[in-house]
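Report on one structure; see the data block that follows.
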Amino acid sequence: MIQHKPLQTLGYTVLALIAFAANSVLCRVALKDDTIDPSSFTSIRLLSGILMFVLLLTFSRKSNQAPNKMQAGKKSVYSWLSGAFLFTYAIAFSYAYVSLETGVGALVLFGAVQVSMIIASFVMGNKLSLWEWLGLSISFSGLVYLLYPTLATPSIFGFMLMTLSGIAWGMYTILGRNSQDPFKDTAANFKYTAPLVLVLFLATLSSQHISLYGAVLAVASGALASALGYTIWFMALKGLSETEAAVVQLSVPVIAAFGGVLFASEAISMRLIVACILVLGGIVLVMYGRAKKVK
C-alpha cells in the first residue's frame, strides 16, 4: 500500500473528520425536525452520492486503464461488500437517530466503530501496545465526558440499530484501507448501493414523506459530506493503522461541538475544552504507541 507523508495524512484526516461531523449534523437536523423520513433521507443521500460521482467521472480527464480480469473480479467483490456495509451503515444510522438522543447516538456509534475495528485488528494479528490501549481509553473517556450531560437511557431498538451502524462503518473503513484508487473505489461502493436503495424505496413507499428542506439536507449529506468526505477518508487511510483510524474518529463529536461554537453562536464551555484535551491527548498516545512499534 502506498503511504502518504505525515502532513498529507493529517490533512486528509482532518478534512474527512470535518465531513463526518457535517454529515452527522445534517442527518440529525433533517430527522429531528421531521422534514423527511429516515428511508427517504437514506435513499436521497446515497443516490445523490452516486450522481455526484457520475458528474465527476464524466468531467474527469484522467485516462482509464483497463484492469485485467482477475483484478476487476477481485475489485468487484470488494465493491459489492463495501457497498453492502455502506448501505447498512447509512440506513441503520438514519433509523437509529429517530429514537436516540444526539449524545447517546454519538457515544454508541463511535464506541461500536472503535470496538469493531480493534477486534478486526486482533483477528488480523495486530496486537495493541500499552500506549495504544491507554490512548484509546483516554480518548473514549473524553468523549463520554463531553456527552455525559446529554445522556439518557436509550431505547433498545435505537441502541441496536446504532451499534449495527457502527460495526458496518468499522468494516467499511477496514476494507477501505486496501483501496489503491480512493476516488474510483468510493464511486464503485456508492454504485453498488443502488439495488439496495431501490428495494428500500419500494418497501417504504407508503410511509415516505419528503419536504424540499429535507431533500436539500439529504443531497448535501450525500453529494458533499458523504461522497467527497468518504473519498478523502480512503485517502487518509493509506497513512493510518486500524487502531489510529478507529481512535481519530472519536474526535468527530468534539469537532461537531466546535462547529456549534463557530456557526451557531454556542458558548465554549470548560467541559468542551477538557474533552478536547482528553480526546486529542489519547490520539497522540496512540500515534506514539504505533511509532514505537514501528521502530
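The values are calculated or read from the model by the stated rules, or taken from the named source; none is laboratory data. Everything numeric in this text was worked out from a predicted model, so none of it was measured. Every residue, glycine as well, gets a Cβ built from its backbone with ideal geometry; the counts of neighbours run over all protein chains shown. Just the protein is used for accessible areas: all its heavy atoms, side chains included, with ligands, DNA and RNA removed. Shrake-Rupley method; radii C 1.70, N 1.55, O 1.52, S 1.80 Å.
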When we measure straight from the Cα of LYS292, which aspartates and glutamates land under 13 angstrom away, once same-chain ones fewer than 8 places off are left out? GLU132
Share of the chain's accessible area from carbon and sulfur, percent, 1.4 Å? 72
Region 109-148 - Rg over Rh from alpha carbon coordinates, Kirkwood radius: 1.03
Residue separation times 0.36 nm, minus the C-alpha to C-alpha distance between ILE156 and LEU15: what's the value? 47.4 nm
Give the residues of region 35-57 whose amide nitrogen is closer than 17 Å to a point set 7 Å from the Cα of THR204 in the direction of its Cβ. 35-50
Just from the alpha-carbon atoms, what are the Rg and Dmax of the chain in angstroms? 18.8, 59
With x for Gly and Pro, the residue-by-residue ³J(HN,Hα) of region 244-255, computed from phi through the Karplus equation 6.51 cos²θ - 1.76 cosθ + 1.60 at θ = phi - 60° and given in whole Hz, is 5, 4, 6, 6, 5, 6, 5, 7, 4, x, 5, 4
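If you count only protein heavy atoms with a 1.4 Å probe, what accessible area per residue comes out for the chain, rounded to a whole Å²? Mind showing how you got there, number by number?
Numbers: 14720 Å² over 295 residues.
That works out to 50 Å² for each residue.
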By the C-alpha gyration tensor axes a ≥ b ≥ c (rounded if a/c is under 1.5, else prolate when a/b exceeds b/c, else oblate), the shape of region 167-281 is oblate
Relative contact order computed over the chain (Cα-Cα under 8 Å; 6+ residues apart), in percent: 41
